[in-house]
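The values are calculated or read from the model by the stated rules, or taken from the named source; none is laboratory data. Keep in mind the model is a prediction, meaning the values are calculated, not measured. Every residue, glycine among them, receives a Cβ derived from its backbone with ideal geometry; neighbour counts consider all protein chains shown. Protein only, heavy atoms only, side chains kept; ligands, DNA and RNA dropped before computing areas. Shrake-Rupley method; radii C 1.70, N 1.55, O 1.52, S 1.80 Å.
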Amino acid sequence: MFDLSHIMELMPDITKAFGETLYMIGISLTIALIIGLPLGVLLFTTDKGLFLENRAINSVVGFFVNIIRSIPFIILLVALIPLTKLIVGNTIGPAAASVSLSVAAIPFFARIVETSMREIDKGVIEAAISTGASPWMIIWNVLLPESKSSIIQGLTLTLINLVAYSAMAGFVGGGGIGDLAIRFGYYRYDDSIMLVTVAILIVLVQLIQFGGDRISKMIDKR
Amino acid sequence: MIIYLNVERSEKMIQIQHLSKVYQTKEKVVKGVDDVSLDIETGEIFGIVGYSGAGKSSLIRCLNLLETPTSGTILIDDVNLTKLSGVKLRQARLKIGMIFQHFYLISQKTIFENIAFALQAAKMPSNKIETRVMELLEMVGLSEKRDVYPAQLSGGQKQRVGIARALANNPSVLLCDEATSALDPNTTMSILRLLKKINKELNITIVLITHEMNVVKEICDRMAIMQDGKVIEEGQVYDIFSNPVQPLTKEFISSVVSYEIPDTVMSTLAGTLVKITFKGEVAMEGVISDTMQKYRVKGNFLHGSIEYIQERALGIFLMELQGECDEVEQAIAYILEQNAQVEVIRQHV
Ligand SMILES: Nc1ncnc2c1ncn2[C@@H]1O[C@H](COP(=O)(O)OP(=O)(O)O)[C@@H](O)[C@H]1O
Ligand SMILES: [Mg+2]
């Protein structure tokens, strides 16, 4: 059942698919970082009792974050087709898949940032306030450094989710490993390819987890 | 010719007027601070004592608006803090340092960076920060720890960093919220000595809250006792130790100087039981032995100690006086003449 020469023959496809997967999760992770991080900071700092407390902003942002998070990814994929078309121009391929992956990753990561910041002792924040520091300084020099290690772990989790979601994106022609698995493994009953794709996903997830844990521990000064 | 100019601004560094802080929780309304008025003078160390839940933290946290007062005013250095917000409030906070029971340093930043943070808050140019941080580290005796992270320091060392951070911008007031409560007795003493030094050398007004009477006895000039959000007694530490009025005050003092006599001992005593208090430099033993010689009275020491509060002696002795009724009375009158206080605890049986 496991045919090595067959796999060697399809090696170019596998490498291409792997590259596409990395491309998709790379883009979505970057966008999740750029948009999700500030959103998470906003969610945290505008919460009750914090230094930028603002009920309106907090509930509006929280509401949208919850909405997106409650939609199953496969539905989000379909629902975002018009948006994808608007941004990328077409609806298939890794670039197109990156749109829905990013939209899913942003609120996920924002909540992770918020939760990570909640773990900071309120006293540390108050001590910073008592020095007369500005909100910006507190975010930059207290909130982010103090939650960095925990955020890295959250980032690991986001990445792993993105790997899983990117495989799902294959279903709607998003490209990548998932796409390969469907085209060969599912439609052509090609077990070897199926096994290889699963193996690649497992190794990828393990590597991300391992790397994430290592970095998170390494930068923690506690 | 030398002219000494005494440039004192307001004598009152902190004026608290009818301050209340009410906490509204789901279940109930709690009055953390209940109509407190206090004046704290420039350059003094003021202690606030009370049991847990008395409202000490609520009060001290109102002084830099970490807690927004429900009503009342706070003037620090003649600035009405309660009217400030935003940038103005942050500027005022630069001049009010605060240290905490659990230090609250930024765990992911070095000692240097922790102190530099306070200077950056004051927008000090970065080329001046290094010198100032080193100056502060030297003052608290941690120069060689500049590049270490808080996790590598002992509790006492962390508090020293907290103090350096609080003093970074030359504040006029230092607030201490149970600053020594997490430390062992030796470390507590060294931190208290440091606070005293800061108070003396930099003329910084210190407000400290604590549940330990020892801390107050050690370094405070004046003190207040809090109960249920209210200040129930205030005054010079020496006066409060020698003449406590409220039962709670007496209870706190007995935690430092205790005059409990076991019941078994009590029941064997037949004479008059008196508590004699000597204030200041009175020749205490001399007075007692003179009394014994002058009158036909036998004295029995049951308890006694001399405490030094603000470098002034306070002697308190419990004695049993045996003898004829009028002899004992005359003896007591004589002791009173020697500038001592005598309190008859129990007449002779
Ligand atoms: N954030 C808060 N929310 C509700 N109640 C509070 C809060 N902070 C303090 N309290 C209540 O106010 C009272 C005084 O507390 P606190 O000022 O911390 O006293 P202390 O420092 O003397 O132990 C207590 O009954 C406490 O439960
Ligand atoms: Mg307290």
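One table, with the values for the structure above:
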item	result
Failed condition for residue B:131, given (1) open to solvent by 60 Å² or more (accessible area, probe 1.4 Å); (2) more than 12 Å from ligand 1 (Cβ to nearest atom); (3) of a type outside the set (D, E, K, R); (4) within 14 Å of chain A (Cβ to nearest Cβ)	(4)
Helices (runs of 4 or more DSSP H) contained entirely in the stretch A:53-142, each with at least 2 residues that are within 14 Å of another protein chain (Cβ to nearest Cβ) and touching a residue at least 24 places away in the same chain (Cβ under 8 Å)	A:94-118, A:122-130, A:135-138
Any hit, the stretch B:205-220, residues being over 21 Å from residue B:249 (Cα atoms), at pLDDT 95 or above and more than 16 Å from ligand 2 (Cβ to nearest atom)	yes
Test for residue B:224: is it among the small types (Gly, Ala, Ser) and more than 16 Å from ligand 1 (Cβ to nearest atom)	no
Residue match in the stretch A:48-59 (condition: open to solvent by 10 Å² or more (accessible area, probe 1.4 Å), in contact with a helix residue (DSSP H, G or I) (Cβ under 8 Å, 6 or more places away or on another chain) and among the β-branched types (Val, Ile, Thr))	yes
Of all residues making up the stretch B:314-337, the number that are touching a residue at least 24 places away in the same chain (Cβ under 8 Å) and open to solvent by less than 60 Å² (accessible area, probe 1.4 Å)	15
Criterion: open to solvent by 10 Å² or more (accessible area, probe 1.4 Å) and more than 17 Å from the chain's Cα centre (by Cα) - qualifying residue of B:143, B:181, B:190	B:143
Members of the stretch B:30-51 found to be open to solvent by 40 Å² or more (accessible area, probe 1.4 Å) and within 9 Å of ligand 1 (Cβ to nearest atom), listed by number	B:30, B:31, B:51
Some residue of the stretch B:96-104 being facing chain A (nearest Cβ under 10 Å), more than 14 Å from residue A:131 (Cβ to Cβ) and either touching a residue at least 12 places away in the same chain (Cβ under 8 Å) or hydrophobic (A, V, I, L, M, F, W, C) (or both)	yes
So residue B:161, is it away from ligand 2 (no atom under 16 Å from the Cβ) and surrounded by 23 or more Cβ atoms within 10 Å (Cβ to Cβ)	yes
Residue, farthest from the other protein chains (Cβ to nearest Cβ), within the stretch B:52-70, restricted to residues that are open to solvent by 40 Å² or more (accessible area, probe 1.4 Å) and more than 8 Å from ligand 1 (Cβ to nearest atom)	B:70
Candidates A:215, A:160, A:202, A:182, filtered to the one that is at pLDDT below 85, out of contact with any Leu (no Cβ under 8 Å at 6 or more places or on another chain) and of a type in the set (A, V, I, L, M, F, W, C)	A:182
